[in-house]
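Colleague: My structure is below; once you've seen it, I'll send some questions.
The values are calculated or read from the model by the stated rules, or taken from the named source; none is laboratory data. These numbers come from a predicted model, not from an experiment. Cβ atoms come from the backbone with ideal geometry, glycine included; neighbour counts cover every protein chain shown. Heads up: the accessible areas ignore ligands, DNA and RNA and are worked out on the full protein's heavy atoms, side chains in. Shrake-Rupley method; radii C 1.70, N 1.55, O 1.52, S 1.80 Å.
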Amino acid sequence: QLQLLESGGGLVQPGGSLNLSCAASGSIFSIYTMAWHRQNPGQQRELVASITSSGVTNTIESVKGRFTISRDNAKNFVYLQMNDLKPEDSAVYYCNALATMAWGPGTQVTVSS
């Protein structure tokens, strides 16, 4: 069973950058389409970006040009590089293997001056 653990969240000022990492273990990581989601209290979880096993990426419109998803199948990691962060990007960010029940515990991102 695939297990996921996020890291890299924190407090950053508007316009700043963070690079989230998700370490995978317990299964064949490279076969999964991986994704980053985010959620605020009382709101639905939102799919932010995804990347297929072959590296095809997709991001939501609100983060296009600012966020980049990538993966390293040799090291079993998926990343989310976030640039030009805005207060509305604040949320708990989760790593997920799409179409599975594999989720990480999340990492908090807070964008505030």
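Colleague: I'd like to check something: does the stretch 91-109 contain any residue that is exposed (fewer than 15 other Cβ atoms within 10 Å of the Cβ), under 20 Å from Q13 (Cβ atoms) and not polar (S, T, N, Q)?
Modeller: Going through the stretch 91-109, the residues exposed (fewer than 15 other Cβ atoms within 10 Å of the Cβ) turn out to be 98-101, 105, 108.
Checking the rest, the ones that are also under 20 Å from Q13 (Cβ atoms) come to 108.
From the residues that got through so far, the ones that are not polar (S, T, N, Q) too are none.
No - not one qualifying residue is present in the stretch 91-109.
Colleague: Out of the stretch 18-59, which residues are open to solvent by 20 Å² or more (accessible area, probe 1.4 Å) and aliphatic (A, V, I, L, M)?
Modeller: If the condition is that a residue be open to solvent by 20 Å² or more (accessible area, probe 1.4 Å) and aliphatic (A, V, I, L, M), then L18, A23, I28, I31, L47, V56 are the ones that fit.
Colleague: Considering only the stretch 25-35, I want to know if a residue exists there that is under 22 Å from A102 (Cβ atoms), modelled with pLDDT of 95 or more and among the aromatic types (F, W, Y).
Modeller: Looking through the stretch 25-35, none of the residues is under 22 Å from A102 (Cβ atoms), modelled with pLDDT of 95 or more and among the aromatic types (F, W, Y).
Here's the yes/no breakdown for (1) under 21 Å from Q1 (Cβ atoms); (2) more than 13 Å from the chain's Cα centre (by Cα):
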site	(1), (2)
G16	no, yes
S25	yes, yes
M34	yes, no
Y94	yes, no
V109	no, no
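Colleague: Give, as residue ranges, the strands (runs of 3 or more DSSP E) completely inside the stretch 53-113 that count at least 1 residues that are among the small types (G, A, S), over 17 Å from N40 (Cα atoms) and in contact with a strand residue (DSSP E or B) (Cβ under 9 Å, 6 or more places away or on another chain).
Modeller: Working: elements: 57-59, 67-72, 77-82, 91-97, 107-111.
Result: 67-72, 91-97.
Colleague: If you scan the stretch 27-72, which residues turn out to be small (G, A, S) and within 18 Å of G106 (Cβ to Cβ)? Steps first, please.
Modeller: Going residue by residue through the stretch 27-72, those that are small (G, A, S) are 27, 30, 35, 42, 49-50, 53-55, 62, 65, 70.
Within the stretch 27-72, A35, G42, A49, S50 meet the criteria.
Colleague: Give me a count of the residues in the stretch 63-98 that are of a type in the set (S, T, Y) and in contact (Cβ under 8 Å) with a residue 24 or more places away in the chain.
Modeller: Step one: filter the stretch 63-98 for residues of a type in the set (S, T, Y), giving 68, 70, 79, 90, 93-94.
Filter once more, so that each one left must be in contact (Cβ under 8 Å) with a residue 24 or more places away in the chain: 79, 90, 93-94.
Total satisfying the criteria: 4.
Colleague: Further question: Within the stretch 7-38, can you find the residues that are assigned to a strand (DSSP E or B) and among the hydroxyl-bearing types (S, T, Y)? Steps first, answer last, please.
Modeller: First, the residues of the stretch 7-38 that are assigned to a strand (DSSP E or B): 7, 10-12, 18-25, 34-38.
Passing the criteria: S7, S21, S25.
Colleague: Got at least one residue in the stretch 10-17 being modelled with pLDDT of 95 or more and within 20 Å of A97 (Cα to Cα)? Spell out the reasoning first.
Modeller: Start the filter on the stretch 10-17 by keeping residues that are modelled with pLDDT of 95 or more, which leaves 10-17.
Those still in the list that are within 20 Å of A97 (Cα to Cα) too: none.
Scanning the stretch 10-17, I find no residue that is modelled with pLDDT of 95 or more and within 20 Å of A97 (Cα to Cα), so the answer is no.
Colleague: Could you grab me the full set of residues in the stretch 60-90 that are hydrophobic (A, V, I, L, M, F, W, C) and either open to solvent by 60 Å² or more (accessible area, probe 1.4 Å) or within 13 Å of A24 (Cα to Cα) (or both)? Working first, answer last.
Modeller: From the stretch 60-90, those hydrophobic (A, V, I, L, M, F, W, C) are 60, 63, 67, 69, 74, 77-78, 80, 82, 85; that's our starting set.
Scanning the stretch 60-90 gives A74, F77, V78.
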